[in-house]
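To start, the structure itself, in structure tokens.
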Amino acid sequence: MKAVLVLNAGSSSLKFALYPINGELAAEPAFSGQVEGIGATPEITLKTASGTRIHEAVRTSGSQGEQHRDALNHVFGLLTQHNPDLEIVAAGHRIVHGGDHYSAPTRLDEAVLRTLDTFVPLAPLHQPHNLRAVRAVATLMPDVPQVGCFDTAFHRTQPAVAQAFALPRRISAEGVKRYGFHGLSYDYVARQLPGIIGERAQGAVVIAHLGNGASMCALRDGRSVASTMGFTAVEGLMMGTRTGSLDPGVMLYLMEQKGMDAKALTNLLYKESGLLGVSGISQDMRTLLTSDAPEAKEAVDLFCYRIARELGSLAAAAGGLDALVFTGGIGEHAAAVREKVAALSAWLGVKIDAIANADHARRIDATGSQVAVAVVPTNEERMIARYTVETLGL
Ligand SMILES: Nc1ncnc2c1ncn2[C@@H]1O[C@H](COP(=O)(O)OP(=O)(O)O)[C@@H](O)[C@H]1O
Ligand SMILES: CC(=O)OP(=O)(O)O
Ligand SMILES: [Mg+2]
């Protein structure tokens, strides 16, 4: 089987897929799966061409980085074990940060990788794992061409005002600006929308990508006009372990009064905060939604409140609100989160249907809702496969 290999390393997950290519790219992968729970107890779920589902633990321990590396090796083992006639013709990767350099999918070589290495401090939970996967493929299959697909690229259509920080020009000129992330997900979901909400897809749309990392994007005519994430993937919404937007004065206070250095602050902002920090229980939304602890409820309430606050801001950027769309692990599966966000957004004309919401239906707006509300499962892997084929002219 000739196939395009897709690797998508998220902060808590490693998703992978083999898309057969025989003249044209298959619509569905022949083999796919994901390692979830990286940073805690990683488990792999995979689906083979015959439809068999396999679920097993990934043997690993140690830091998030070590767990990502073990997860990748485990995936490589399974690829060959389950696909004896496999011929990988190209590999496509999600690369979280493309900085000012890359605004479109790009063929990867050592020079490009060295530039991408410089963005590691801007995406410490992602970039190292993304680049490790590229180098692992280069070592294992040196002749296979590789393409990087950037989370930041989709947002390059934003007006300058949406990308600007109120910083002195000399700092902005160095590329310190708002980039936005989860672009592959927004790209995929935006392409599905006309089939789900019709003409409204061209209007003022806000997509909420709620996973372990979470952000929202305002679109007009299917293109990004604003997003909650900025220079790094820590701005904006509260996330699994990330703070989201924080008064910068808090950081000055922690440095000056508590003696915290950059490393300690990085840990605090990226790994110890968010749902995990506020609940003191877990970063996993499933665990929090089934917990009776008041701290779990407080964490979920804050998560939803922040989404509703940002929705107001993004509606301002988009010039209205014709549609609200939920995606990502939480957006697709947590009906309780969608319900709370909708209740807080009633003033914008958002009204959802309780039964459709509980069923995770594609359309969940109630009759009479001024805003179309949709649940669209994202598929970053499909987007990566497509971009890889287009970039290489396969
Ligand atoms: N059935 C579910 N109900 C509630 N939350 C869920 C469900 N399934 C997954 N999630 C949540 O989705 C999040 C992971 O989302 P995902 O988009 O896969 O993560 P990543 O950002 O690592 O790609 C976790 O918080 C997980 O608890
Ligand atoms: C950019 C980002 O936060 O990605 P993820 O949701 O996969 O962690
Ligand atoms: Mg993700």
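No value in this document is a laboratory result; all are computed from the given coordinates. This structure is a prediction, so every number in the text was calculated from the model and none was measured. Reconstructed Cβ throughout: ideal geometry from the backbone, glycine too, with neighbour counts over all protein chains shown.
Summary table below
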| item | result |
| --- | --- |
| Amide H within-cut-off set for residue 95, under 5 Å, with H built and near neighbours excluded | 149, 150, 151 |
| For the chain: lysine pairs under 27 Å (alpha-carbon distance), excluding those fewer than 8 apart on one chain | 13 |
| Net charge of Cβ neighbours under 15 Å - reference residue 319; Lys, Arg +1; Asp, Glu -1 | +1 |
| Sorted by Cβ neighbour density within 10 Å, fewest at the top, the residues 95, 307 | 307, 95 |
| Fraction of beta bridges assigned by DSSP in segment 2-150 that are antiparallel (%, nearest 5) | 70 percent |
| log10 of Debye I(q)/I(0), alpha-carbon scatterers only, for the chain at 0.14 Å⁻¹ | -1.32 |
| Percent of beta bridges antiparallel (DSSP, the chain, rounded to nearest 5) | 65 percent |
| Square roots of five times the Cα gyration tensor eigenvalues for segment 2-150, Å | 23, 20, 12 |
| q = 0.13 Å⁻¹: log10 I(q)/I(0) that the Debye formula gives for segment 86-185, counting C-alpha atoms only | -0.48 |
| Relative contact order (%) - the chain, alpha-carbon pairs under 8 angstrom, separation at least six | 15 percent |
| Relative contact order computed over segment 2-150 (Cα-Cα under 8 Å; 6+ residues apart), in percent | 23 percent |
| Estimated FRET transfer efficiency when R0 is 41 angstrom, pair residue 295-residue 251 (beta carbons, to 0.05) | 0.95 |
| Compactness of segment 198-375, expressed as Rg and Dmax over alpha-carbon positions, Å | 16.8, 55 |
| Whole-Å semi-axes of segment 152-236's equivalent ellipsoid (Cα gyration tensor) | 25, 14, 9 |
| Separation between Cα centres of segment 1-39 and segment 163-224, rounded to whole Å | 24 Å |
